[in-house]
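One structure is given here, and the rest of the page talks about it.
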Amino acid sequence: LAKTTQPISMDSYEGQEVNITCSHNNIATNDYITWYQQFPSQGPRFIIQGYKTKVTNEVASLFIPADRKSSTLSLPRVSLSDTAVYYCLVAITGGFKTIFGAGTRLFVKA
Amino acid sequence: DTGVSQDPRHKITKRGQNVTFRCDPISEHNRLYWYRQTLGQGPEFLTYFQNEAQLEKSRLLSDRFSAERPKGSFSTLEIQRTEQGDSAMYLCASSSHTWDSHNTGELFFGEGSRLTVL
């Protein structure tokens, strides 16, 4: 199983760019990398997914180096409402058990 | 709202009682997942359905836990003889089928059912 490692918490200020890095050293060849956001008392919400290089959508970018052993979620110009827990997930080969780690708690300050 | 719906949102029960949670997935989604989440932890996988078939079941799901998805539509998660350690948020998610088993696709989560066992 591909295990992921993320920082436990991060602090930032409004308007700054935030980069959260996730390590997944034993990712399988065809596994995708997915990031979710979770606010208190709510279910996680999909942010972005990628396989290699760079993926960008309206809320975030995902950078994946060639060796795919890590990935970085980039949140441009964060606001107070981006304070949440961010989870990095790697698909489980051959099955559908999506394994969440403890996530990264991002605190955005005014 | 056509998102994933869970009921009840909150349940307080006494130890030893049985509880049942219901999940209504997004209508065109054939995949349904149950997770359990305790305070400060990420969601823990419990079980997965593809249509009405239960294809994956975590060892976390003891014999007191059972899940069903009759007719491949809504799903129920029942906990028998509840224990204080069962207190948690129970999350349901659904997704549509993709051909690639390496990519679960986007999971759409409900807002969860919070269980408190006294």
Cβ pairs under 7 Å, 6+ apart or interchain, first in region A:84-110 and open to solvent by 20 Å² or more (accessible area, probe 1.4 Å), second at pLDDT below 75 and hydrophobic (A, V, I, L, M, F, W, C), ordered by first then second residue, are A:I99/A:L1; A:I99/A:I92
Checking the condition in a strand (DSSP E or B) and either touching a strand residue (DSSP E or B) at 6+ places or on another chain (Cβ under 9 Å) or loosely packed, with under 15 Cβ neighbours inside 10 Å (or both), which residue from A:S41, A:S81, A:S71 passes?
A:S71
Here's a check for you: in region B:17-57, which residue that is surrounded by fewer than 18 Cβ atoms within 10 Å (Cβ to Cβ) and among the small types (G, A, S) is farthest from the other protein chains (Cβ to nearest Cβ)?
B:S27
Quick check, is A:S12 out of contact with any helix residue (DSSP H, G or I) (no Cβ under 7 Å at 6 or more places or on another chain), over 24 Å from B:Q50 (Cα atoms) and not in a loop (DSSP other than H, G, I, E, B)?
yes
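The values are calculated or read from the model by the stated rules, or taken from the named source; none is laboratory data. Owing to the predicted nature of the structure, the values given are computational and were not obtained by experimental measurement. When we count neighbours, we look across all protein chains shown, and the Cβ atoms used for this are built from the backbone with ideal geometry, even at glycine. Accessible surface areas use protein heavy atoms only, side chains included; no ligands, DNA or RNA. Shrake-Rupley method; radii C 1.70, N 1.55, O 1.52, S 1.80 Å.
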